[in-house]
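None of the figures in this text is laboratory data; all of them are computed from the coordinates on show. Fair warning: this is a prediction, and the values are worked out from it, not measured in the lab. Cβ placement follows ideal geometry from the backbone for every residue including glycine, while neighbour counts extend to all protein chains displayed.
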Amino acid sequence: MSSLLLDIPSVLWPSIPQLMVGCVILIVLKKYYNSHIQPWVFAKFYPSLANYHVTCREIKRQHFASMKSHKSADPELRKKGALRILEIGPGPGYNFEFYPPKSELTAVEVNRFFEEQFFEKQADHPHIKMERFVVGFAEDMKDVPDNSVDIVVSTMVLCSVRSVEGALKEVHRVLAPGGKYYYWEHVLDPENIWARLGQHLASYTYYDLLFGCQLNRKSGEIVKANKAGYSHIEHQRFRTPPEKGFEFLSFFHSAHAKGIATK
């Protein structure tokens, strides 16, 4: 037995260089895939999710309705009845239709492949001004000054950030006093054990290979726990209606949380 054990390294030795080369190739491909291929695939695929936004349109309209009565912290914008809005991860701009007229919109988007779609939306939404598209992480919005934004919006974003707490810290930093943070996120199902099991099983593939998204995050609870610096947080758990033709996927994706945090 001991002789056999001693022989194992000599048997494996010829394969070690190939194994090392294979590992290096996998690491390089994975890094390139995550930084180039996956963002491109996601940007191309995302418009096919329009059915979700059509299904949720009226719920979203109600969620963002109070934005119209908000007053800007900037005196010049207040005179014009305008708001400075920052949306994190806007993708192709499904939320733009809900923003008040004269809004000045900045996007912070980690996926640079959405930039062209962002500015193309100007033609579809002339009531708002597309100010800037910043390629960057929600956890490090260094190009956005402190206390400079009236409204921050994130929908289906906290599921994919590297640190939910880090992103929320940045949201609070950039909001002006009295500013509001509107969030809308899918979350780990709090009620259905089979949906939770599916979310846990799918999260690795979903996150690492397809959409950069974790289905099993408790984003809403994390927002509620980060109350420091906010005068008030309106928080609600809800379920989205089943999407026609995607009822099976909706079963694992219907648990949501939305709310408005006021600084």
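How big is the C-alpha Rg of the range 49-262 next to the rule-of-thumb value 2.2 N^0.38 Å, as a ratio?
0.99
Sorted by average packing, counted as other Cβ atoms within 10 angstrom per residue and highest first, what order do 213-219, 230-236 take?
Taking the mean over residues of other Cβ atoms within 10 Å, the ranking is 213-219, 230-236.
Checking the table 129/263; 218/258; 102/227 against a 20 Å threshold on Cα-Cα, which pairs fail?
Distance filter (> 20 Å) returns 129/263; 102/227.
For residue 60, list the aspartates and glutamates whose Cα falls under 18 Å from its own Cα; do not include residues on the same chain fewer than 8 positions away.
Residue 60 reaches 87, 97, 185, 234, 243.
If you add up the charges near residue 71, with Lys and Arg at +1 and Asp and Glu at -1, over every other residue whose beta carbon is less than 15 angstrom from its beta carbon, what do you get?
The answer is +4.
Reachable aspartates and glutamates from residue 79, Cα under 16 Å, same-chain residues fewer than 8 places away excluded?
Result set, ordered by chain and number: 104, 150.
Would you please put 150-162, 179-191 in order of how densely packed they are, using the mean number of other Cβ atoms within 10 angstrom per residue and starting with the highest?
Highest to lowest by the protection proxy: 150-162, 179-191.
Tell me the net charge near residue 61. Cut-off is 14 Å between Cβ atoms, residue 61 excluded, with +1 for each Lys or Arg and -1 for each Asp or Glu.
+2
Highest mean first, what order results for 133-141, 221-229 on Cβ atoms within 10 Å?
Averaged packing, sorted descending, gives the order 133-141, 221-229.
Size of the range 140-221 along its principal axes in angstrom, Cα-based, largest extent first?
Principal-axis extents of the range 140-221 (Cα, largest first): 43, 27, 15 Å.
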